[in-house]
Amino acid sequence: MNALACLQKYSDDRPYLPGTPAFQSVAAQYTQTLSNLPPGQTIVLAEPDPIKFLAFWIAAASTPHRLVLANPHWQTQEWQQLYTLIQPDIIIGPAPPQTQIQPSPKPMTSGRSETIDQLPTQAILIPTGGTSGQLKFAVHTWDTLRNAVTGLQQYFQTPQINSCCVLPLYHVSGLMQAVRSLVTGGQLTLHPWKSLESGIFPAPQPHSFLSLVPTQLLKLLDRREPEMIAFLQTFDAIFLGGAPAWDSLLDRARALNLPIAPTYGMTETAGQVATLKPQDFLAGHSGCGQVLPHAQITIDANSRIHIQSRSLMLGYYPAQDFTIDDLGHFDDRASLHIQGRQSDKIISGGENIFPAEVEAAIRATGLVADVCVVGLPDDRWGEIVAAAVVPASHDRSATLVDRLKLALPDRLTAYKHPKQWQIRPDLPRQPNGKLNQSIIKSWFTPAAPQR
């Protein structure tokens, strides 16, 4: 059953998108239009309006064309890369004309040559550039996305998944919320993040799921409004992913009896492959929970994570090898714990240091609202630890660093202490909540004074 067939099972009494009665007919019209085109068209979808985006996505996913999801807020650099990789037949949304964009240099690949015409005719390409700055896409199909939904549905033993989506649909974390509701006959509420952040709530919907990244949850809790807490408590589960959540944030959420469900997954797996159920979270358990039924996770002798899953992408475009950089372990309850990323590991004087541990210690001081720890090259130590922090208050004075240094010895071994610091009003984050480390590293220089 394709996406349009799933949509056609909805009725006027229970629409897919409450409040948008014409949605089903619009999606059907788009499908008819695309069906009249020669098969194998390459379509770039960069529509900023989420309802139009979703209607066109359902149409394209139901017809024999390749669909490329694009961020409507991309700038010239990203469009240069896209036009180098893909020569689209159709562009939906406000993208600059190809004639006005100079192609960027060909990206590095694993040596395999590939053109987009070699991909399946109903491939769904989801951007996953990470922090490298080099655009690439995870190649999915309707089947891989649907398999991810089935696994989550079985894990939570729920016949329907109602979703409240505040994340961008061009990102896997937002798109999969739409797919979950569509496949299971649930209802989808599209609500602007800025509205929720300002205290404007969507209409309540029973047995619903919400997805947030940790910084979003922090912003909602910092409002300290009873109405906000009451709204968050209405969900069956609040999936928390996209970036590691820190202990103090989780402790706050647990104290407020919020149904948090920390997750582990990625664009390559069509979202989560492990999830901690809210009842286990509220009982005091930690980690990312047990592996979902559609996936298998193993951990080798070097703590590297390996994933097999029915939701796993077909590969990358442009073609390159898929390796998982995450390190982790299972506890005695078969709950997955993520230690960090191998590529993020800092080796200073022969000692291994994981940024997540240092960040957790800095957050535990209560002096910062946000933090990012990176490694910098150093002639003496090989690498040194550097930290960019956002003060918890409006005080940006240099004494903040001194206070942090005084607070850290009780929480962190000496060789893990940052040698360089930056105090910033905020840290750059991508829409999925991940920190933009390339920008943060540019704030530090080898000649920067060590405090």
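Applying the selection to the stretch 30-51, what residues are assigned to a helix (DSSP H, G or I) and free of Cβ contacts under 8 Å to residues at least 24 places away in the same chain? Answer for the stretch 30-51, where residues must be assigned to a helix (DSSP H, G or I) and free of Cβ contacts under 8 Å to residues at least 24 places away in the same chain: just Gln32.
This table checks each residue for (1) open to solvent by less than 30 Å² (accessible area, probe 1.4 Å); (2) among the hydroxyl-bearing types (Ser, Thr, Tyr); (3) part of a helix (DSSP H, G or I).
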{"site": "Met176", "(1), (2), (3)": "yes, no, yes"}
{"site": "Val179", "(1), (2), (3)": "yes, no, yes"}
{"site": "Leu196", "(1), (2), (3)": "yes, no, yes"}
{"site": "Ile200", "(1), (2), (3)": "no, no, no"}
{"site": "Pro204", "(1), (2), (3)": "no, no, no"}
{"site": "Leu210", "(1), (2), (3)": "yes, no, no"}
{"site": "Gln216", "(1), (2), (3)": "yes, no, yes"}
{"site": "Glu227", "(1), (2), (3)": "no, no, yes"}
{"site": "Ala230", "(1), (2), (3)": "no, no, yes"}
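Just one of the listed residues (Thr298, Thr269) is touching a strand residue (DSSP E or B) at 6+ places or on another chain (Cβ under 6 Å), surrounded by 20 or more Cβ atoms within 10 Å (Cβ to Cβ) and of a type in the set (S, T, N, Q), namely Thr269.
Scanning the stretch 426-446 finds no residues that are closer than 30 Å to Ser303 by Cβ, in contact with a Phe, Trp or Tyr (Cβ under 8 Å, 6 or more places away or on another chain) and at pLDDT 85 or above.
Filtered by the rule that a residue be part of a loop (DSSP other than H, G, I, E, B), within 29 Å of the chain's Cα centre (by Cα) and not small (Gly, Ala, Ser), the stretch 11-29 gives Pro15, Tyr16, Leu17, Pro18, Thr20.
Taken residue by residue, the stretch 318-332 has no member that is surrounded by fewer than 17 Cβ atoms within 10 Å (Cβ to Cβ), at positive phi and either assigned to a strand (DSSP E or B) or in contact (Cβ under 8 Å) with a residue 24 or more places away in the chain (or both). All conditions but one from (1) closer than 27 Å to Leu427 by Cβ; (2) touching a strand residue (DSSP E or B) at 6+ places or on another chain (Cβ under 8 Å) apply to Phe231; the one that does not is (2). Which of the residues belonging to the stretch 1-10 are open to solvent by less than 70 Å² (accessible area, probe 1.4 Å) and outside any helix (DSSP H, G or I)? Matches in the stretch 1-10: Asn2, Tyr10. Close Cβ contacts (under 6 Å, 6 or more residues apart or on different chains) running from residues in the stretch 239-253 that are over 15 Å from His285 (Cα atoms) to residues that are modelled with pLDDT under 85 and assigned to a loop (DSSP other than H, G, I, E, B) comprise Gly242/Asn432; Gly242/Gly433; Ala243/Gly433; Ala243/Lys434.
Conditions (1) buried (at least 18 other Cβ atoms within 10 Å of the Cβ); (2) of a type in the set (Ser, Thr, Tyr); (3) on the phi > 0 side of the Ramachandran plot, marked per residue:
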| site | (1), (2), (3) |
| --- | --- |
| Ser343 | no, yes, no |
| Ile347 | no, no, no |
| Val358 | yes, no, no |
| Ala361 | yes, no, no |
| Ala387 | yes, no, no |
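Inside the stretch 348-359, residues that are closer than 20 Å to Ile324 by Cα and part of a strand (DSSP E or B) make up a count of 2.
The values are calculated or read from the model by the stated rules, or taken from the named source; none is laboratory data. If you're wondering where the values come from, they're calculated on a predicted model, not measured in any experiment. Neighbour counts run over all protein chains shown; Cβ positions are idealised from the backbone, glycine included. The area values use the complete protein model at the heavy-atom level, side chains included, leaving out ligands, DNA and RNA. Shrake-Rupley method; radii C 1.70, N 1.55, O 1.52, S 1.80 Å.
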